[in-house]
Every structure is written in C-alpha cells, then in structure tokens.
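For reference, the structure discussed in these notes is given below.
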Amino acid sequence: MTKTLRVVAVSGSLHHPSKTTVLVEELVAALGRLTSIESHIITLTDLGPSLAGALYRGQLPPEAEAELQRIESADVLIVASPVYRASFTGLFKHLFDFIDQYALVDTPVLLAASGGSERHALIIEHQLRPLFGFFQALTLPIGVYAHDSDFDSYTISNPSLTERINKAVAKSLPIIRGNVAEKEEIALALAGELEDATHHTI
C-alpha cells in the first residue's frame, strides 16, 4: 500500500491573489493526482505578519511555530517565490531562517518560481537550489518557472506551463517514493536495534 505523503507547500508571494500561489496550488494538485497526499499550503500573505519583529524562533507566536513544525516534518516540500530584486522575497528567506539547520536533511523539495519575464528563470538554480542545499535537502531535479504570460488573470492559461508542472511532478515522484521508503527502512532498522539492545540489557 502506498503511503500517504505529507506535503507542505510554501508560497513566498506578498500579494493576494497571487500567480505564485496559483502555481503552488497546481503543483500540489498535480502531485495529488498521481499519489495519495495530505497537503497544507502556507502563504506569506497570511503568515508574514506573524513573523514581523521576531529575531529568534522563541519570539514567534504559536501559529507561526506550528507552521515551522509542519515544514520540518513534511515528507515533501513544494516551495515557490516570485522574483523580487533578482531573488526570492525577503519574507520567504526570513521564514526559512527560523527552520532548524538539520530539520530538512534529505527532505525532497520541489522548487518553483514566478516572474515578469523568462529572463528570471535561473532564480531556481542560482537562488533557491543553493538555499535548500544549505539545509542538505534533496532538491528535486526539475524546477518549474512561470512568467506572467502563462496566466490569464490568476488562472494558468498556457498549456506549456501545465505540461512543465506535470513533467516535474512525474519525474519527482519516483525519487520521493524511494526517499520515503528508505527513511522507513532506516527507522525500522533503528527500532529493531533499540529493541535488541533493550533485551540484552534486561
């Protein structure tokens, strides 16, 4: 039986409605069409005010701490930011500054971004991938970049973008499943070693 994946998605947009959030929602939906998921979407338009003024994690309100814990315990992360001053938004970075340095080790992360033109597409490789490389996360090989012409208002209108989303998710799923299976095997092995050690002690 295929495990239900805990998917947490983060939209770094500071606006509502938002093309970036629409992109995130479609990535989540595409994954849900291929496998069983439990999804939770975090938008900085909602969460951002809870982060304001906090310098340390202990200063965050309970609702912000709960979102951090969801990110840290996810089987899969989907993250996206609009391009702002040639990078991701400041609040997007501020959010991940609160994440424990080792909480995302080996967590699969699907990277996405949106911008006003195709010239910003390399944000995925030059900004997002190094950030999650720092966390030693498993950044999935195909990212998804969307630009304004891919949307009609706040609806995806370009079939090419839909195709890129589906391709990224389809290529990522075997990696995600393998990662989750490996973690479960390791957890079972460690539990067995612990049980053996307990019996020897007794």
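Within region 142-167, the residues that satisfy the criterion of being under 14 Å from the mean Cα position of the chain (by Cα) and either exposed (fewer than 12 other Cβ atoms within 10 Å of the Cβ) or of a type in the set (A, V, I, L, M, F, W, C) (or both) are Ile142, Val144. Checking the structure you have, find out if any residue of region 63-85 is without any contact (Cβ under 8 Å) to a residue 60 or more places away in the chain, in contact with a His (Cβ under 7 Å, 6 or more places away or on another chain) and not polar (S, T, N, Q). Looking through region 63-85, at least one residue is without any contact (Cβ under 8 Å) to a residue 60 or more places away in the chain, in contact with a His (Cβ under 7 Å, 6 or more places away or on another chain) and not polar (S, T, N, Q).
Contact map, region 101-116: first residue farther than 15 Å from Ser39 by Cβ, second residue basic (Lys, Arg) and modelled with pLDDT under 95, Cβ cut-off under 7 Å, separation 6 or more or different chains; the map is empty.
With the requirement that a residue be farther than 17 Å from Asp46 by Cα and touching a Leu at 6+ places or on another chain (Cβ under 9 Å), what does region 59-77 give you? Residues satisfying the conditions are Glu72, Ala74, Asp75, Val76, Leu77.
So, of the residues in region 134-179 that are outside any helix (DSSP H, G or I) and among the small types (Gly, Ala, Ser), which turns out to be farthest from Ser18 (Cα to Cα)? Among those that are outside any helix (DSSP H, G or I) and among the small types (Gly, Ala, Ser), it is Ala137. Total residues in region 9-45 satisfying the condition of being without any contact (Cβ under 8 Å) to a residue 60 or more places away in the chain and touching a His at 6+ places or on another chain (Cβ under 8 Å): the figure is 2. Give the number of residues within region 103-133 that are in contact with a helix residue (DSSP H, G or I) (Cβ under 9 Å, 6 or more places away or on another chain), surrounded by fewer than 23 Cβ atoms within 10 Å (Cβ to Cβ) and more than 22 Å from Ala181 (Cα to Cα). So the count comes out to 5.
The values are calculated or read from the model by the stated rules, or taken from the named source; none is laboratory data. Keep in mind the model is a prediction, meaning the values are calculated, not measured. Glycine gets a Cβ as well: all are built from the backbone with ideal geometry, and neighbour counts include every protein chain shown.
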